[in-house]
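The numbers here are math on the coordinates, done by the rules we state, and not lab data. Small disclaimer: the values here were computed from a predicted structure and weren't measured. Every residue, glycine as well, gets a Cβ built from its backbone with ideal geometry; the counts of neighbours run over all protein chains shown.
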Amino acid sequence: MEKFFQNTKYFILNTILVLFLLFFLPFTQEFFVTNKFYLLVFFVLLLLLSSIFCLLSSKKLSWLSRPLDLPVVLFITSIALSLIVSSPNKVQALLNPSFGLVMFLSLGILYFYLSRNNEAIKQFNNIAIFSSLFLSIITIAFFFQPFKNVSLPIFLQFLKNPSFTPLGNQLDLAVFLGFFLIYNIVVILVRPKAASRIVVNNDSGQAGMTKSIINYSFLTFNLLALFLTLYSLLKPSTGLINQAPTLILPPFRLSWYATVETLKRPLTALFGIGIDNFSSIFTRVKDLAYNQSSLWQINAFNVSRSAILHIFTETGILGIAAFGLLIFIALKSAIKQRPFIFLFFYLFICLLIFPTSLIVWFLFFVLLAQISQQYNNMTIKQSFDLSDLPPLYLGIVVIIFGVIGISSYFLARSYASEYYFKKSLDGIVKNNLKEVYDNQRQAVVLNPYIERFRLNFSQTNLLIANNLAAKKPETITDQDRQTIAQAIQAGIAEAKAAVSLNPQKADNWENLAVIYRNIINFAQGSDVWTISAYQRAIIMDPQNPLYRVNLGGVYYSLGKYDEAVKFFEQAIGLKSDWSNAYYNLAWAYFQNKEYDKAATAMQNVVNLVDKKITPKDWEKVNKELEDFKNKQAETK
C-alpha cells in the first residue's frame, strides 16, 4: 500500500510538471497565470493528501534534510511575516498569483517533494524539453496569425492574437525559451566530451547521432521562437495612435526609489510595505519626470521592475536577507554542476532585471530542487515509527486533513468567484446588464476580499442607477425610484468596501469619489464626500495630475471657480504639456471673468493640440480662443 501511495505522488508530480507550462482556461478574466496558479495549488494539496494516506498506511514519519531546505523555509516565512504585519488586504495578498503567500507555499512544497524524488526530477528534464519544443512551435505558428481570417466564437477570439502563448505573456515566454536555450546549448557542448571518453559500438554510436540530431533540432526551433518573441516584444511602433506597446514595464528608477522609501520607517524597513501592496508605494514615489513620460496615464504598477527589488520593497530587510541566503547557498551548491550553474545565473539575472512572475518562480524552485537532488551525500535522513503512538500520528493526520479540507473549500470559492467575474465581463460584451450585475454580485459573495470585484460592482450599480434616472420623468415608476436608491446605496457601499480593504491605494479612493460625483444631483452632501475622497486620493498619489483636474472639475460644476483654478493650475504644474488641464483652466478663468488669463490658457491649448492628429479638436479650440479674445476686447 505504501508503494501505491509513493507511485501516486510520483504521478501527481509528473502531472504538475506536464500541465503547468501549457495549461490555461478561458474561464477567468486572465486566462493563463490565474489558472496555472490554481492548478499548482490544487495539485500540491493532492500531494499532501497522498502523503497523509501514506502516513496512515506506514505509521512512519520520514524526513530527508537537504542543504537548501532551511533557506527555502526562511524565505517563505519572511513573506508570511510581511503579510501578517504589513499587508492591508491579507486575503488578496494570500491569493496574488505572481507574488503571494499561497503561491510561494505551493512552490515550496513542490520543491520539497521534487528534491526527494529522483525519478520525477529526471522526468522533468524530458517533459520540459518537449514543452519547450511545443511552445516554440506554437510561437512560430502564431507569429504568422493562422486564425486571422477565420471566424471564431467569442471565447476563442484570443487565438487571433499573434502574441498568443500558453504561458500568458511574451516576456515570460522569452524568459522560458532563453532558459531552455541555455540548457540545450550546454547539453550539446557537454555530450561530445562525455562520449569521447567512452568506447561505443555502431548501434550506440548511431543512437548518439540520433540524439545529437534531436538536440540540434530542438535548439533550432528554440532559437527561432526566441528571435520571433524578442522581435514581438521590441519591434518599433507602427505609428498608430491607439496602439499600445507590447512590453510595458515600470521604470527601474522609480522601483529603486520605492525600495529606498521603505527604509524610512522601522516597521516597513524590517517587514516591507506588505505583500500585494507595491502600487501604494509606487504612487508615493512618482515624480515629474514620470508625468512627462509615455507611461503617465498609468496611475500605478502592481509590481516592481525587478523581482529582487520587489522582494525588498514588499518583504523588507528580513525578506531580502532570507532570499540572499537562499541565493548564496544555492550558488554554492550549483557551482560545480553543469548545466545548473548556467541556468541558475540566468534565472538570477531575470529576477534582477524583470518583474516578478509565476513562471520564473516555478522554474526557480524546480531548479532549486534539481540542485538539491545532487547532494545525496549531504542528506540527513530521519525516521520516526509512530505505530506505538496512535494519538500522535492520528492527531497529525486529523490536523493536516483539516488544513487540506479548509484550504480546498476556500480556494474553490476563490476560483468560482473568478469564474463568475469572467461571466460578468461576458455579459458586458452581450450588453446584458442583468447578467453583469448577477454574476458580479455572485463573485463578491464568494470572495468579498478582492478589490477588483468591489470596484467593478460599485460601477455596475452606478450604471444601473444612471440608466434608470436617464428615462423620461413621466415614465419613471415608484419601483424605478426605489431601484435607483438601492443601486446608489449599493454602489457607495461597494466603493467604501474597496477602500476599507486597502485604504493605501489611491485608485480605491478615486473610485469612491467618482461614485459620489455621479450622485451629486441626487443625494444631499455628496459634493462634500466627493471632494473628501478626491483629497484622499491626492494624498495617496500626490504627483497625479488627473486627480487634480477631476477635483477642479467638481469645484467648477459647483460654481467655485477660484478653487477650480487652483487645482487646474496644480495639474499643469505636475504636467505642463497636458492640453486638457489648460483647457479646463481656460474655462475656469472665463467663468471667473478673468478673460486675459482665459485667452492665454486657451492659446496654450491651441499650441499643444496637433492639427494633423485631431483636426476637429484643433478647430474647436481655435474658435473658442477667438471667442475669448472677442470677450477680452469687449471688456477693455
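Which of the residue pairs LYS566/LYS597; LYS36/LYS505; LYS36/LYS434; LYS597/LYS629 have a Cα-Cα distance greater than 19 Å in the structure shown? Before the final figure, lay out the partial values.
Working: LYS566/LYS597 13 Å; LYS36/LYS505 27 Å; LYS36/LYS434 30 Å; LYS597/LYS629 10 Å.
From LYS566/LYS597; LYS36/LYS505; LYS36/LYS434; LYS597/LYS629, over 19 Å: LYS36/LYS505; LYS36/LYS434.
Please give the direction-averaged projected area of the C-alpha convex hull for region 544-636, in square nanometres with one decimal.
It is 5.6 nm².
Based on the Kirkwood radius over alpha-carbon pairs, what value in µm²/s does the Stokes-Einstein equation return for the translational diffusion coefficient of region 251-348 at 37 °C and 0.692 mPa s?
In µm²/s, the coefficient is 224.
With the cut-off at 25 Å, report for region 1-107 the share of all Cα pairs above it, as a whole percent.
It works out to 35 percent of all Cα pairs.
Quick one: angle between helix 561-574 and the longest Cα principal axis of the chain, in degrees between 0 and 90, rounded to 10, please.
Tilt of helix 561-574: around 40 degrees.
Which value, in debye to the nearest 20, gives the size of the charge dipole of region 544-636 about its Cα centre, when Lys and Arg are +1 and Asp and Glu are -1 at the Cβ?
Dipole size: approximately 60 debye.
Starting from 0 in steps of 10 Å, tell me what percent of the Cα-Cα pairs of region 144-189 lands in each bin.
With a bin width of 10 Å, the distribution comes to 24, 34, 25, 13, 3.
Among GLY491, PHE32, PRO339, which residue has its Cα positioned farthest towards the positive end of the charge dipole of the chain, with +1 placed on the Cβ of Lys and Arg, -1 on the Cβ of Asp and Glu, and the dipole taken about the Cα centre?
Among GLY491, PHE32, PRO339, the one farthest towards the positive end of the dipole of the chain is PRO339.
Strictly over 31 Å apart at the Cα level, which of LYS430/LYS560; LYS286/LYS631; LYS430/LYS496 would you flag in this model?
Distance filter (> 31 Å) returns LYS430/LYS560; LYS286/LYS631.
What number, in percent, do you get for the relative contact order of the chain if the mean sequence gap of Cα pairs under 8 Å and at least 6 apart is divided by its residue count?
15
Take the Cα gyration tensor of region 82-134, multiply each eigenvalue by 5, square-root it, and list the three semi-axes largest first, rounded to whole angstrom.
On the way: eigenvalues 197, 41, 6 Å².
Output for region 82-134: semi-axes of 31, 14, 6 Å.
Quick one: helix 69-86 against the long Cα principal axis of the chain, what's the angle to the nearest 10°, folded into 0 to 90?
Helix 69-86 sits roughly 20 degrees off the main axis of the chain.
For the chain, build the charge dipole from Cβ charges (+1 Lys, Arg; -1 Asp, Glu) around the Cα centre, then report which of SER357, ILE476, ILE450 sits farthest towards its positive end.
SER357
Write down, largest first, the equivalent ellipsoid semi-axes of region 101-189 in whole Å, where each equals the square root of 5 times an eigenvalue of the alpha-carbon gyration tensor.
Semi-axes, largest first: 31, 19, 11 Å.
If you line up the Cα atoms of the chain on their principal axes, what length do they span on each, largest first, in Å?
Ordered largest first, the chain gives principal extents of 103, 58, 55 Å.
Grab the DSSP H runs of the chain that are 4 residues or longer, score each as -39,500 (n - 2.57), total them, divide by all residues and round the 222 nm result to the nearest 500 deg cm²/dmol.
That calculation yields -24000 deg cm²/dmol at 222 nm.
Would you pull out the residues with amide H under 5 Å of SER62's amide H, same chain only if 5 or more places away, H placed 1.01 Å from N?
PHE384
Please report, in debye to the nearest 20, how large the charge dipole of region 418-506 is about its Cα centre when each Lys and Arg carries +1 at its beta carbon and each Asp and Glu carries -1 there.
For this selection, approximately 160 debye.
Going by a ≥ b ≥ c, the root eigenvalues of the Cα gyration tensor, does region 317-372 fall in the rounded group (a/c under 1.5), the prolate group (a/b larger than b/c) or the oblate group?
Taking the square roots of the gyration eigenvalues as a ≥ b ≥ c, region 317-372 is oblate.
Compute from the Cα atoms of region 473-598 the Rg and the Dmax, the latter being the longest Cα-Cα distance, and quote both in angstrom.
Final numbers for Rg and Dmax: 16.5, 51 Å.
About its Cα centre, how strong a charge dipole does the chain have in debye, to the nearest 20, once Lys and Arg get +1 and Asp and Glu get -1 at the Cβ?
1220
Compute the helix-to-body angle for 595-608: its Cα long axis versus the longest principal axis of the chain, expressed 0 to 90° and rounded to tens.
40
So for THR8, THR635, THR530, fewest C-beta neighbours within 10 Å to most, what's the order?
Lowest to highest Cβ neighbour count: THR635, THR8, THR530.
Of ARG548, ARG517, ARG452, how do they rank once you tally other Cβ atoms within 10 Å and put the fewest first?
Ranked by crowding around the Cβ, least crowded first: ARG452, ARG517, ARG548.
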